[in-house]
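Below: one structure, written as structure tokens.
Read-outs throughout are calculated quantities, based only on the coordinates presented, and are distinct from any laboratory measurement. What you see is a predicted model; the values in this text were computed from it and never measured. A quick note on method: Cβ atoms are made from the backbone with ideal geometry, for glycine too, and the neighbour counts reach across all protein chains shown.
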Amino acid sequence: MAPSPAPTPRPLSANPLWGIPLKTLSNTRDRPVFSPSRRPPPAVVAEPEVSKPLPPPPRKAVIEPPPLSLVGTIAGDDESFGIFLDQSNKTALRLKIGDDFQGWKLRAISGREVRMEKDEQEAVLTLPQPGGEESGDVRLVPVSTERKPLAARRQM
């Protein structure tokens, strides 16, 4: 029999670990990587945080009617205004269309009533009946998202 040829040396690689003989890596052989003794300590799982219930959504502020009573209206072709009595200090007040009083804006004057608007609410103030001692009526109505004339909304 012919003698076996000598093993051919491995070609050198760019990996530096190829240059270390396996016989010198006894620690790897004695303690395998996937041995249970080489596992990290078990992770501590924190208790799930109990979420607090969400607070209820903020309520829409209740809008109070304007602190005014209608005393008179003057409607002209070029200028219209209403005459009011301020309920807090009993003083007379004159507002033109578009004027503002404590956030209430005068929007329209028609005959014996005026419309005022504040924060998506509308107040309709009416004059008292002739000969009556009571003050006029104040009604709050939500503002329609559609901008239609008041007469068209009443017909629906």
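The figures follow:
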item: Prolate/oblate/rounded call for the stretch 66-139, Cα gyration tensor, a/c under 1.5 rounded; result: rounded
item: Charge sum, other residues only, whose C-beta stays under 14 Å from Pro67's C-beta, Lys/Arg counted +1 and Asp/Glu -1; result: -1
